[in-house]
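As structure tokens, the structure follows; a few thoughts come after it.
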């Protein structure tokens, strides 16, 4: 029994020495911190800042409103000038429309007067044509009578009963009757031509122009209406131009007087560089957000261990106070004095960290753990080679212990 105890003690001693020496020679980091990139929200314009997220550590989703900025002191003189010019053109447009309405009423009156004159003139000419037709019929009757008288005179003259003087008088009467008939026919043709012209709006006469006063006024007013229509089109084109400029100016003012700032990444509010209601300058940093999708582990190692590492080297990471071990790979070898590499990271390096050599490790499994998906600042240790404890832990985990 005593020998058995001695053997067991020696085995335990050897095992303890193996673990101590193995862990001593296993490559581990001096410190390791869960880190992530910082996303800085800056002011695109000057103005008063209204924060929608106000507590450090608040979780935000991509596209979520973080803050908005309004600038009520922006110069709007250009927009005011454009709106005033547009209003003046609208007043001119109303004036032209009023003139068109008044001239249109006057034209309608003259057009009605012209219609009445034309109808009266047509009726007058039609009456003259009827009179000329009656005169033509009378002239035709007189011509027939003169033809009969001339025929009788010729018969009497042939028999020696009629004197030569009476025969000449009969012939003259027949010629006069024939000319009167021709004159009546020409008068009828003239009146028919005058009637056709009157019906088309042209009035033929010896003592007046070809168009009455009302017709001339209608033409003058039509010309003035055409001029006003052209002026109206020009004013409407200017108004459309001013409206286009006003829309462009308002769009420019909206961009320069108000801005909505949304989170570009899903993460956590890390720091507020302005207070709610504070006036910010253009380009000023307002809020820092941690991009929880970019979790990495930053660690420092000795020079001897650093010289044996390369990009893609497999490692293990364990948080202090947590028994879980996560697999990872080396993604960056920052070397010594790597303070500039932390300018865009949430947790900066300590003085002791900068005295050693910087290593960045990617541990994808951290993002899959609900309690560690954004565990920025948690510390632990990176194991760059398998030690006895890690080997034993994997062995026990494999069998459910």
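The values are calculated or read from the model by the stated rules, or taken from the named source; none is laboratory data. Note that the coordinates shown come from a computational prediction; the quantities given were computed from them, not determined experimentally. With ideal geometry, Cβ positions are generated from the backbone for all residues, glycine too; neighbour counts draw on all protein chains shown.
Here are the numbers for this structure:
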item	result
Boolean, residue 170 is in contact (Cβ under 8 Å) with a residue 24 or more places away in the chain, part of a helix (DSSP H, G or I) and assigned by TED's automatic domain parsing to the domain that holds residue 216	yes
So residue 85, is it part of a helix (DSSP H, G or I), without any contact (Cβ under 8 Å) to a residue 40 or more places away in the chain and out of contact with any strand residue (DSSP E or B) (no Cβ under 7 Å at 6 or more places or on another chain)	no
Any hit, segment 337-355, residues being under 16 Å from residue 309 (Cβ atoms) and modelled with pLDDT of 90 or more	no
Condition check for residue 348: under 49 Å from the mean Cα position of the chain (by Cα) and either surrounded by 15 or more Cβ atoms within 10 Å (Cβ to Cβ) or touching a residue at least 60 places away in the same chain (Cβ under 8 Å) (or both)	no
Output for segment 41-61, where each listed residue is assigned to a loop (DSSP other than H, G, I, E, B), touching a strand residue (DSSP E or B) at 6+ places or on another chain (Cβ under 8 Å), in contact (Cβ under 8 Å) with a residue 60 or more places away in the chain and over 13 Å from residue 285 (Cα atoms)	53, 54, 55, 56, 57, 58
Some residue of segment 284-297 being part of a loop (DSSP other than H, G, I, E, B), surrounded by fewer than 21 Cβ atoms within 10 Å (Cβ to Cβ), at pLDDT 90 or above and outside the structural domain of residue 334 (by TED's automatic domain parsing)	yes
Members of segment 245-275 found to be in a helix (DSSP H, G or I) and without any contact (Cβ under 8 Å) to a residue 40 or more places away in the chain, listed by number	247, 248, 251, 252, 254
Some residue of segment 251-260 being modelled with pLDDT of 90 or more and exposed (fewer than 14 other Cβ atoms within 10 Å of the Cβ)	yes
Pick from segment 172-198, criterion in contact with a helix residue (DSSP H, G or I) (Cβ under 7 Å, 6 or more places away or on another chain) and more than 14 Å from residue 140 (Cβ to Cβ), ranking: modelled with the lowest pLDDT	198
